[in-house]
Amino acid sequence: MARKVFIDQDECIGCGVCEEMCPEVFHLDIGTGKAEVVQEEGGPEDQIQEAVENCPVECIHWEG
Ligand code: SF4
(Lines give C-alpha, C1' and ligand atoms only; values in the text may rest on other atoms or scores of the structure.)
Protein backbone atom coordinates (compact mmCIF):
# COMPACT_ATOMS: atom_id res chain seq x y z
CA MET A 1 0.00 0.00 0.00
CA ALA A 2 1.28 3.45 -0.87
CA ARG A 3 2.17 5.73 2.00
CA LYS A 4 -0.04 8.75 2.56
CA VAL A 5 1.15 12.24 3.26
CA PHE A 6 -0.54 15.17 5.00
CA ILE A 7 0.14 18.83 5.79
CA ASP A 8 -0.31 20.42 9.19
CA GLN A 9 -2.32 23.43 7.98
CA ASP A 10 -1.74 25.39 11.20
CA GLU A 11 2.01 25.34 10.66
CA CYS A 12 2.12 25.92 6.88
CA ILE A 13 3.42 29.37 5.90
CA GLY A 14 2.48 29.02 2.23
CA CYS A 15 6.01 29.30 0.87
CA GLY A 16 5.25 27.06 -2.11
CA VAL A 17 8.34 24.86 -1.81
CA CYS A 18 6.33 21.64 -1.68
CA GLU A 19 4.43 22.47 -4.86
CA GLU A 20 7.70 23.30 -6.54
CA MET A 21 9.20 19.94 -5.50
CA CYS A 22 6.14 17.83 -6.26
CA PRO A 23 3.26 19.55 -8.07
CA GLU A 24 1.48 16.21 -8.58
CA VAL A 25 0.79 15.96 -4.87
CA PHE A 26 0.95 19.48 -3.40
CA HIS A 27 -0.97 22.56 -4.41
CA LEU A 28 -0.75 26.04 -2.97
CA ASP A 29 -4.24 27.41 -2.42
CA ILE A 30 -4.21 31.10 -3.32
CA GLY A 31 -7.35 31.70 -1.25
CA THR A 32 -6.11 30.29 2.06
CA GLY A 33 -2.41 30.92 1.41
CA LYS A 34 -1.73 27.36 2.56
CA ALA A 35 -0.61 24.26 0.75
CA GLU A 36 -2.92 21.28 0.42
CA VAL A 37 -2.49 17.68 -0.60
CA VAL A 38 -4.29 17.04 -3.86
CA GLN A 39 -3.18 13.44 -4.14
CA GLU A 40 -2.88 11.60 -0.84
CA GLU A 41 -1.19 8.48 -2.08
CA GLY A 42 0.41 7.06 -5.16
CA GLY A 43 2.51 10.16 -5.82
CA PRO A 44 6.23 9.94 -6.51
CA GLU A 45 7.64 9.07 -3.08
CA ASP A 46 11.11 10.44 -3.76
CA GLN A 47 9.69 13.85 -4.70
CA ILE A 48 7.34 13.82 -1.71
CA GLN A 49 10.27 12.98 0.56
CA GLU A 50 12.19 15.90 -0.93
CA ALA A 51 9.27 18.21 -0.10
CA VAL A 52 9.10 16.79 3.45
CA GLU A 53 12.80 17.52 3.93
CA ASN A 54 12.70 20.98 2.37
CA CYS A 55 9.57 22.39 4.01
CA PRO A 56 10.99 25.28 6.09
CA VAL A 57 8.59 24.68 8.98
CA GLU A 58 8.61 20.86 8.73
CA CYS A 59 4.84 20.60 8.54
CA ILE A 60 4.58 17.86 5.90
CA HIS A 61 4.27 14.42 7.45
CA TRP A 62 3.91 10.82 6.40
CA GLU A 63 0.90 9.12 7.95
CA GLY A 64 1.43 6.29 10.37
FE1 SF4 B 1 3.52 24.99 3.50
FE2 SF4 B 1 5.70 23.54 3.95
FE3 SF4 B 1 4.54 23.53 1.54
FE4 SF4 B 1 5.84 25.70 2.39
S5 SF4 B 1 6.72 23.68 1.97
S6 SF4 B 1 3.84 25.66 1.39
S7 SF4 B 1 5.34 25.67 4.57
S8 SF4 B 1 3.67 22.76 3.46
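The values are calculated or read from the model by the stated rules, or taken from the named source; none is laboratory data. It should be emphasised that the depicted structure is a prediction, and the values quoted were computed from it without experimental measurement. Quick reminder, even Gly has a Cβ in these numbers, built from the backbone with ideal geometry, and neighbours come from all protein chains shown. Just so you know, the surface numbers come from the protein's heavy atoms only, side chains and all, with ligands and any DNA or RNA stripped out. Shrake-Rupley method; radii C 1.70, N 1.55, O 1.52, S 1.80 Å.
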Open item on the list: What do you get for the angle between helix 45-54 and the principal long axis of the chain? Use alpha-carbon atoms, 0 to 90 degrees, nearest ten.
Closed with: 40 degrees
Open item on the list: Ignoring ligands, DNA and RNA, please state the percent of accessible area on the chain from carbon and sulfur, probe 1.4 Å.
Closed with: 46 percent
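Which is the longest part of the chain that has none of the GluC sites (Glu not before Pro) sitting in a DSSP loop with at most 15 other Cβ atoms within 10 Å?
On the way: sites that count: Glu11, Glu24, Glu40, Glu41, Glu58, Glu63.
Counting only loop sites that pass the neighbour cut-off, the longest clear stretch is 42-57.
So if each residue of separation counts as 0.36 nm, and I subtract the Cα-Cα distance between Thr32 and Gln49, what length gain in nm does that give?
Values: separation 17, 0.36 × 17 = 6.12 nm, distance 2.39 nm.
Length gained between Thr32 and Gln49: 3.7 nm.
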Task: Computed helical MRE - 222 nm, the chain, DSSP H runs ≥ 4 contributing -39500 (n - 2.57), nearest 500 - done: -6000 deg cm²/dmol
TODO: Give the dimensionless ratio obtained when the Cα radius of gyration of the range 2-64 is divided by 2.2 N^0.38 Å.
DONE: 0.96
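Just to confirm, what accessible area per residue do you get for the chain at 1.4 Å probe, in whole Å²? Don't skip to the end; give the middle numbers.
Numbers: 3970 Å² over 64 residues.
Here the per-residue accessible area is 62 Å².
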